Amino acid sequence: MAHDRVGSVLQVQGNLDDALKEFMSYLAISGRLAELDYNNTNWQRQLADAHTRVGQILQAQGEVGEALEEFRVALTISSRLAGEHPNNAGWQQNLAEVHSHVGDVLEAQGKLGDAQVEFREYFAISRRLVEQDPRNTLWQNGLAIAHSRIGDLLEAQGKLGEAQPEFLESLAISRKVAEEDPGNADWQRALSVAHSRVGGLLEAQGKLLLGKALLEFKAYLAISYRLTNLDKSNASWQRELVVAHNRVGGVLEAQGKLDEALKEFKASLALSRRLTDLDPTDTSWQRELAVAHNRVGNVLQLQDKLEEASKEFKASLALIRRLVDLDPSNASWQRELAVAHTRLARVKTGSEKLTERIDHLHEAQRILEKLVAGTPDQSRWRQDLNLVVRELTAAESVFPNDH
């Protein structure tokens, strides 16, 4: 359908507002067709796809609640079609992908247990498809992504030992698929992301594994550069390049190579700013810009350039605050707002800035206490809260009477 094709092009280009208009037209027409003949499975499948497309744009714009509603409608339709036609591999794959979309939103809301249920369904369907047709690279790629999504959740819950085999299996499958079809840019991107996931887990396991993590992130960066050079209009690949610079820079920072790290983070900041200027409505790019400011600020702080660092952290805080105002239900953004307050507090040194330091820590504590109460299975957020409480206690012990 023309609206679907035009919307897909606009989505790749990062023009989310216009893409949403096209997908809404696609949804309206698909809905009318489905009403005309409920038993026409192709029209029902098209309706599920239209809801999914709209949901993806809403999710990218930060409207996770509305996105979840669209994905759940798509899930209902796709579940019925897959149940009625269990031998239709394409519809089984559609169902798997919708489970993944629902899981993504639930994870963003901090509902890790519910998200894991969705990703397990995604994994189960993907594994069945691979068992039925082991040489189908599309099914193989889906299974690799399913392993990765489960690994993400396990890592978020602090279960690094359980997450590791998921990420390693995802990397092994992705490497095999990419080698079988080296000209397929989608498989190359999947391989780059798999390298990133393994690198992230190695980084989380401590300094002894930083060298290995850096190798994984450099592989991620190299593939991202190649993809970006193939199609400079592909905003998604530009974003991957932003993240890749951040991951390489993060390891270099941990290794104490601050000048090299700052170079990577400034490259990320420049790219993020350019992407944000292209489409200010894309909340994922707004978030990446905030992350880039944070990364630059961290290195400047380590270099004892506190005033410069403070400017970067203030820019990040302003961006994250705007995102939270757009969607207060997004738990990940709430957590990032707490972190932004904490970062800014740490550069408020000296007795004359102690009040500001305490105010920022109080705000971080308030946000994190609410998050932890709502998502008790998120170990990372509990750790954040404990750290903020310790810093706040230390600050108030110096200046107890005013707070």
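Out of all the residues in segment 334-350, is one or more surrounded by fewer than 17 Cβ atoms within 10 Å (Cβ to Cβ) and modelled with pLDDT under 90? Looking for residues that are surrounded by fewer than 17 Cβ atoms within 10 Å (Cβ to Cβ) and modelled with pLDDT under 90, one finds at least one in segment 334-350, hence yes.
Taking the criterion of being out of contact with any Gly (no Cβ under 6 Å at 6 or more places or on another chain) and more than 29 Å from LYS232 (Cα to Cα), would at least one residue in segment 276-296 satisfy it? Taking every residue of segment 276-296 in turn, none turns out to be out of contact with any Gly (no Cβ under 6 Å at 6 or more places or on another chain) and more than 29 Å from LYS232 (Cα to Cα).
Residue by residue through segment 332-390, note down the ones that are under 18 Å from ARG321 (Cβ atoms) and aromatic (Phe, Trp, Tyr). If the condition is that a residue be under 18 Å from ARG321 (Cβ atoms) and aromatic (Phe, Trp, Tyr), then TRP333 is the only one that fits. Only helices (runs of 4 or more DSSP H) whose full extent lies in segment 1-117 are considered here, and the ones with at least 3 residues that are acidic (Asp, Glu) are 16-36, 64-84, 89-108. Within segment 302-329, residues that are farther than 18 Å from LEU269 by Cβ reach partners that are charged (D, E, K, R) with beta carbons closer than 8 Å, at six or more positions or on different chains, in the pairs LEU326/GLU63; ASP327/GLU63.
Scanning segment 8-35 for residues that are modelled with pLDDT of 85 or more, under 22 Å from the mean Cα position of the chain (by Cα) and closer than 17 Å to SER233 by Cβ yields one hit, ALA19.
One residue stands out in segment 240-275 among those that are within 29 Å of LEU208 (Cα to Cα) and basic (Lys, Arg): the one that is farthest from the chain's Cα centre (by Cα), namely LYS257. One residue stands out in segment 80-94 among those that are polar (S, T, N, Q) and surrounded by 16 or more Cβ atoms within 10 Å (Cβ to Cβ): the one that is nearest to GLN46 (Cα to Cα), namely ASN94. For segment 118-152, the set of residues classified as part of a helix (DSSP H, G or I), more than 18 Å from LEU191 (Cβ to Cβ) and in contact (Cβ under 8 Å) with a residue 12 or more places away in the chain consists of GLU118, PHE119, ARG120, GLU121, TYR122, PHE123, ILE125, ARG127, ARG128, LEU129, GLN132, ILE150, listed by residue number.
Each residue in segment 360-382 was checked for being without any contact (Cβ under 8 Å) to a residue 12 or more places away in the chain and not basic (Lys, Arg), and 2 pass. Just for segment 166-189: of the residues that are without any contact (Cβ under 8 Å) to a residue 24 or more places away in the chain and either surrounded by fewer than 16 Cβ atoms within 10 Å (Cβ to Cβ) or of a type in the set (A, V, I, L, M, F, W, C) (or both), which one is nearest to GLN116 (Cα to Cα)? Out of the qualifying residues, it is ALA172. Could you look through segment 153-166, keep only residues that are of a type in the set (Asp, Glu) and more than 25 Å from ALA185 (Cα to Cα), and pick out the one that is modelled with the highest pLDDT? Among those residues, the one meeting the criterion is GLU162. The set of residues in segment 36-57 that are surrounded by 22 or more Cβ atoms within 10 Å (Cβ to Cβ) and within 20 Å of the chain's Cα centre (by Cα) comprises THR52, ARG53, VAL54, GLY55, ILE57.
The values are calculated or read from the model by the stated rules, or taken from the named source; none is laboratory data. Source: prediction; values computed, not measured. No Cβ is skipped: glycine too gets one built from the backbone with ideal geometry, and neighbour counts run over all protein chains shown.
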